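K.L.:
This is the structure I have questions about; it appears just below.
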There are 2 protein chains.
Amino acid sequence: MTEKWYVGVDLGGTTIKMAFLTSYGEVVTKWEIPTNTEDGGIHITMDIAKAIDYKLKELNQEKQHLLAIGMGAPGFIEMETGFIYQAVNIGWKDFPLKDRLEVETGLPVTVDNDANIAALGEMWRGAGDGAKNLLCVTLGTGVGGGVIANGQILHGASGMAGEIGHITSITTGGSPCNCGKTGCLETIASATGIARLATEAVASADGNSMLKQLFDQKGDLTAKDVFDAVNKGDELAAEVLDETAFHLGLAIANLSNAFNPEKIIIGGGVSRAGDALLEPLKKHFERFALGRVAESAEFKIATLGNDAGVIGGAWLAKQKVN
Amino acid sequence: MTEKWYVGVDLGGTTIKMAFLTSYGEVVTKWEIPTNTEDGGIHITMDIAKAIDYKLKELNQEKQHLLAIGMGAPGFIEMETGFIYQAVNIGWKDFPLKDRLEVETGLPVTVDNDANIAALGEMWRGAGDGAKNLLCVTLGTGVGGGVIANGQILHGASGMAGEIGHITSITTGGSPCNCGKTGCLETIASATGIARLATEAVASADGNSMLKQLFDQKGDLTAKDVFDAVNKGDELAAEVLDETAFHLGLAIANLSNAFNPEKIIIGGGVSRAGDALLEPLKKHFERFALGRVAESAEFKIATLGNDAGVIGGAWLAKQKVN
């Protein structure tokens, strides 16, 4: 075997996803290790270095078989230096991630934000189909995003570009958001936000509703309960999802008028709702986007799932080497 | 004189602004010619070619003294080919602007949208101070915009990027916009929009107001009337401007959460309101932008005025040559 590999690393609060990939973005092997957040996350870079060495041994490969590492991390990152100002879930504060990982692995390291590498992964090998202007929206516990223009991920003046979840959807009286503001898109379009909207809706709803019955049974509701009820024809659940789709469609249309993406990729757990979400989302988007902007934009559900990060990491590493 | 020049051309519906500039963006000479929209705008490219030759003669310079032309035009443009799909004010439909102007001048031509070259001009020689991530908002008869990321103007999938004026500010029951939608930012933050808000405000206002007295006198109101009344302490006028600032601040904050600009440059006739607009605008912006996004963004009034276009045109031409 002569083709060399890139290492993709996707750091999360509980697991670190890792993979070796070819220069075409094919996953040779992928695996996970637990995230050790003890002692302010000081062990993480050595855990990654060891995991790479063990995996090479398992595959009977030498270290020279690896070209570079591309890594995604949560938190506030200075992209050029790979310095982490703060990553609350990991315990890092002023942590020189790139330098540490380079020393411990002997490989060149490129670091970017986790939402950004997921977007790059989808651009390269996923729903992006190679489009150069993409908007990626990740609807999970929170709402994240990545904006790719001319094939480059946007970082902005201080690495904050892509914070789509903190677009303000409700200007007055909105729910509190983790960021300290209120009424952010994240409070409406994340899994948590949808569950909250559903709980509020059943509290004020009259009459019979599948969603209300479910709530009376279980005592709470999840985003998945909402999607399941929509698919079974429940009207109240459809109203909840339409509210999410309205605010998400408006926010995406407003961004699209400024940025004119070719693909709008919806990922994260909430995207498993599929057409139950996409159909109302497109309807609201088309109402608020300029005609030519709507015509050139295609909505797609992300296709790489949990692999988007390691694939995007490998893409970053490849860009660095080339 | 050995230093060669670039030609900046900024095409408007009534005049064509032209200038020769050094490679440092210094204006050597600038002048205007009328826009001849007769016969579907067919004479425009020859008028520009002739104007360049006359000006060279006047300055006792040869054609070889010019390196390239950068031109801004209104309408829908295919950037790579310089082909104009449609420019209603000019009369062009499917017009090969770049090819025509290259044939008639013998110089290489680069074409971009008029709002974009104004943004590039401000980045290069104006309020941008060389920042690489800029949001430019032009508040004139309409509301235009340009988004610059990593020093490059964004065009998007079909050249529509930067259409900030068509962000939806009022989702239900908003005023009709020229684009065919309703409630666009342009209906609230353009000179026309501010005049409309003022006229509505005096119609429903009780008591004494400078703005109301002025309306009773003149029978109509302009954006400038509103600014003048604000500066004289009129409360009703301040309320009108605060409504504009609220929607503009919200739209810019939402975009900034996605783009994280270093400078936000406000240009166009409405920007002459100065602090009367900037102060409420910043207040609303800071309420809706993420903390780190607001910290890294500086609001500035555009400094180049009507020269922004020809300077940005020269920058485009210089990029092309280099």
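The values are calculated or read from the model by the stated rules, or taken from the named source; none is laboratory data. Predicted model, so just to flag it, every value in this text is computed and none were measured. Every residue, glycine among them, receives a Cβ derived from its backbone with ideal geometry; neighbour counts consider all protein chains shown.
K.L.:
Consider A:THR182 carefully, then state whether it is out of contact with any strand residue (DSSP E or B) (no Cβ under 6 Å at 6 or more places or on another chain) and of a type in the set (Ser, Thr, Tyr).
P.N.:
Numbers: out of contact with any strand residue (DSSP E or B) (no Cβ under 6 Å at 6 or more places or on another chain): no; of a type in the set (Ser, Thr, Tyr): yes.
No.
K.L.:
So which residues in segment A:99-130 are surrounded by 19 or more Cβ atoms within 10 Å (Cβ to Cβ), assigned to a loop (DSSP other than H, G, I, E, B) and among the hydrophobic types (A, V, I, L, M, F, W, C), if there are any at all?
P.N.:
A:ALA127
K.L.:
Further question: How many residues does segment A:283-307 contain that are touching a Cys at 6+ places or on another chain (Cβ under 9 Å) and more than 30 Å from B:GLN86 (Cβ to Cβ)?
P.N.:
1
K.L.:
Among B:GLY126, B:GLY151, B:GLY140, which is the only one that is farther than 13 Å from A:ALA258 by Cα and in contact with a Leu (Cβ under 6 Å, 6 or more places away or on another chain)?
P.N.:
Details: B:GLY151 fails: in contact with a Leu (Cβ under 6 Å, 6 or more places away or on another chain); B:GLY140 fails: in contact with a Leu (Cβ under 6 Å, 6 or more places away or on another chain).
Residue meeting the stated conditions: B:GLY126.
K.L.:
For segment A:258-274, how many residues meet the condition of being out of contact with any helix residue (DSSP H, G or I) (no Cβ under 9 Å at 6 or more places or on another chain) and farther than 19 Å from A:ALA118 by Cα?
P.N.:
Step one: list which residues in segment A:258-274 are out of contact with any helix residue (DSSP H, G or I) (no Cβ under 9 Å at 6 or more places or on another chain), which gives A:262.
Narrowing further to those that are farther than 19 Å from A:ALA118 by Cα: none.
Result for segment A:258-274: 0.
K.L.:
Given the conditions (1) within 10 Å of chain B (Cβ to nearest Cβ); (2) out of contact with any Asp or Glu (no Cβ under 8 Å at 6 or more places or on another chain), and given that A:GLU102 satisfies all but one, which numbered condition is not satisfied?
P.N.:
Result: A:GLU102 passes all but (1).
K.L.:
Considering B:ALA245, B:ALA253, B:ALA237, which residue is crowded, with 21+ Cβ neighbours inside 10 Å and over 20 Å from the mean Cα position of the chain (by Cα)?
P.N.:
B:ALA237
K.L.:
In addition: Condition check: more than 15 Å from the chain's Cα centre (by Cα) and more than 24 Å from B:ILE188 (Cα to Cα). Does B:ALA149 satisfy that?
P.N.:
yes
K.L.:
Something else: For segment A:70-96, which positions are in a loop (DSSP other than H, G, I, E, B) and either touching a Phe, Trp or Tyr at 6+ places or on another chain (Cβ under 7 Å) or surrounded by 13 or more Cβ atoms within 10 Å (Cβ to Cβ) (or both)? Step through it out loud before you land on a result.
P.N.:
Keep residues of segment A:70-96 that are in a loop (DSSP other than H, G, I, E, B), which gives A:74-75, A:79-82, A:88-91, A:96.
Those that are in a loop (DSSP other than H, G, I, E, B) and either touching a Phe, Trp or Tyr at 6+ places or on another chain (Cβ under 7 Å) or surrounded by 13 or more Cβ atoms within 10 Å (Cβ to Cβ) (or both): A:PRO74, A:GLY75, A:MET79, A:GLY82, A:ASN89, A:ILE90, A:GLY91, A:PRO96.
K.L.:
Name the single residue, out of those in segment A:13-37 being touching a residue at least 12 places away in the same chain (Cβ under 8 Å) and within 18 Å of A:LYS93 (Cβ to Cβ), that is nearest to the chain's Cα centre (by Cα).
P.N.:
A:GLY13
K.L.:
Of the numbered conditions (1) out of contact with any helix residue (DSSP H, G or I) (no Cβ under 7 Å at 6 or more places or on another chain); (2) in contact (Cβ under 8 Å) with a residue 12 or more places away in the chain; (3) of a type outside the set (Lys, Arg), A:GLN86 fails exactly one; give the number of that condition.
P.N.:
(2)
K.L.:
I'd like the full set of residues that are surrounded by fewer than 17 Cβ atoms within 10 Å (Cβ to Cβ), more than 22 Å from B:LYS320 (Cα to Cα) and hydroxyl-bearing (Ser, Thr, Tyr), limited to segment B:1-60.
P.N.:
B:THR14, B:THR15, B:TYR54
K.L.:
In segment B:167-266, which helices (runs of 4 or more DSSP H) lie fully inside it and hold 1 or more residues that are over 25 Å from B:LYS300 (Cα atoms)?
P.N.:
Filter on segment B:167-266 gives B:191-204, B:210-218, B:235-259.
K.L.:
Conditions: (1) at pLDDT 95 or above; (2) buried (at least 19 other Cβ atoms within 10 Å of the Cβ). A:ALA276 meets all but one. Number of the miss?
P.N.:
(1)
K.L.:
Now, a different point. When you go through (1) of a type outside the set (Ser, Thr, Tyr); (2) surrounded by fewer than 24 Cβ atoms within 10 Å (Cβ to Cβ); (3) more than 20 Å from A:SER296 (Cβ to Cβ) one by one for B:LEU135, which number turns out not to apply?
P.N.:
All conditions pass for B:LEU135, except number (2).
K.L.:
Farther than 23 Å from A:ALA308 by Cα and assigned to a helix (DSSP H, G or I): is that true of A:ASP47 in this structure?
P.N.:
Against the criterion (farther than 23 Å from A:ALA308 by Cα and assigned to a helix (DSSP H, G or I)), A:ASP47 does not qualify.
K.L.:
Now a separate question. If you go through segment A:129-145, how many residues are at the interface with another protein chain (Cβ under 10 Å from one of its Cβ atoms) and of a type outside the set (A, V, I, L, M)?
P.N.:
Count: 3.
K.L.:
Select from segment A:148-189 the residues that are on the phi > 0 side of the Ramachandran plot and in contact with a helix residue (DSSP H, G or I) (Cβ under 8 Å, 6 or more places away or on another chain) and write down the one among them that is farthest from the other protein chains (Cβ to nearest Cβ). Even if it seems obvious, please write down each step before you answer.
P.N.:
Residues of segment A:148-189 on the phi > 0 side of the Ramachandran plot: A:150-151, A:156, A:159, A:162, A:173, A:180, A:183.
Among the residues that remain, those that are also in contact with a helix residue (DSSP H, G or I) (Cβ under 8 Å, 6 or more places away or on another chain) are: A:151, A:156, A:162, A:180.
On the way: A:GLY151: 11, A:GLY156: 2, A:GLY162: 6, A:GLY180: 7 Å.
By that ranking, first place goes to A:GLY151.
K.L.:
Among the residues of segment B:185-200, which ones are out of contact with any Leu (no Cβ under 7 Å at 6 or more places or on another chain) and either outside the structural domain of B:GLY267 (by TED's automatic domain parsing) or without any contact (Cβ under 8 Å) to a residue 40 or more places away in the chain (or both)?
P.N.:
Those that are out of contact with any Leu (no Cβ under 7 Å at 6 or more places or on another chain) and either outside the structural domain of B:GLY267 (by TED's automatic domain parsing) or without any contact (Cβ under 8 Å) to a residue 40 or more places away in the chain (or both): B:THR187, B:ARG196, B:GLU200.
K.L.:
Let me ask something else about it. Starting from residues that are of a type in the set (Gly, Ala, Ser) and in contact with a Gly (Cβ under 9 Å, 6 or more places away or on another chain), keep the ones in segment A:221-269 and report whichever is nearest to the other protein chains (Cβ to nearest Cβ).
P.N.:
Going through the qualifying residues, I end up with A:ALA258.
K.L.:
Residues to consider are B:GLY13, B:GLY40; find the one that is assigned to a helix (DSSP H, G or I) and over 13 Å from B:GLY70 (Cα atoms).
P.N.:
Working: B:GLY13 fails: assigned to a helix (DSSP H, G or I).
One residue alone meets the criteria, B:GLY40.
K.L.:
Now, a different point. Mind checking which residues of segment A:166-185 are farther than 14 Å from A:THR244 by Cα and surrounded by 24 or more Cβ atoms within 10 Å (Cβ to Cβ)? Full working, then the answer.
P.N.:
Of all residues in segment A:166-185, those farther than 14 Å from A:THR244 by Cα come to A:166, A:171-173, A:176-182.
Listed by number, the list holds a single entry, A:HIS166.
K.L.:
Okay, moving on. For B:SER204, only one of the following conditions fails: (1) among the hydroxyl-bearing types (Ser, Thr, Tyr); (2) touching a residue at least 12 places away in the same chain (Cβ under 8 Å); (3) farther than 27 Å from B:ASN116 by Cα. What is its number?
P.N.:
Against the list (1) among the hydroxyl-bearing types (Ser, Thr, Tyr); (2) touching a residue at least 12 places away in the same chain (Cβ under 8 Å); (3) farther than 27 Å from B:ASN116 by Cα, B:SER204 comes up short only on (2).
K.L.:
Let me ask something else about it. Of all residues in segment B:88-108 being in contact with a strand residue (DSSP E or B) (Cβ under 6 Å, 6 or more places away or on another chain) and of a type outside the set (D, E, K, R), which is nearest to B:LYS50 (Cα to Cα)?
P.N.:
Taking the candidates together, the pick is B:LEU101.
K.L.:
While we're here: Quick one: how many residues across segment A:55-69 are part of a helix (DSSP H, G or I) and among the aliphatic types (A, V, I, L, M)? Please lay out each step first, then the result.
P.N.:
Step one: filter segment A:55-69 for residues part of a helix (DSSP H, G or I), giving A:55-58, A:63-65.
Those still in the list that are among the aliphatic types (A, V, I, L, M) too: A:56.
Within segment A:55-69, residues that are part of a helix (DSSP H, G or I) and among the aliphatic types (A, V, I, L, M) number 1.
K.L.:
Follow-up question, since we're still on this one. Which residue pairs have Cβ atoms closer than 6 Å, lie 6 or more positions apart in sequence or on different chains, and pair a first residue in segment A:279-301 that is under 20 Å from B:ALA251 (Cα atoms) and within 10 Å of another protein chain (Cβ to nearest Cβ) with a second residue that is assigned to a strand (DSSP E or B) and not charged (D, E, K, R)?
P.N.:
Taking only residues 6 or more apart or on different chains, the pairs are A:PHE288/B:THR168.
K.L.:
Answer with yes or no whether A:ALA294 is out of contact with any His (no Cβ under 9 Å at 6 or more places or on another chain), in the same structural domain as A:ASP10 (by TED's automatic domain parsing) and among the aliphatic types (A, V, I, L, M).
P.N.:
No.
K.L.:
Would a scan of segment B:158-165 turn up a residue that is touching a residue at least 12 places away in the same chain (Cβ under 8 Å), under 30 Å from A:ALA149 (Cβ atoms) and surrounded by fewer than 16 Cβ atoms within 10 Å (Cβ to Cβ)?
P.N.:
Within segment B:158-165, none of the residues are touching a residue at least 12 places away in the same chain (Cβ under 8 Å), under 30 Å from A:ALA149 (Cβ atoms) and surrounded by fewer than 16 Cβ atoms within 10 Å (Cβ to Cβ).
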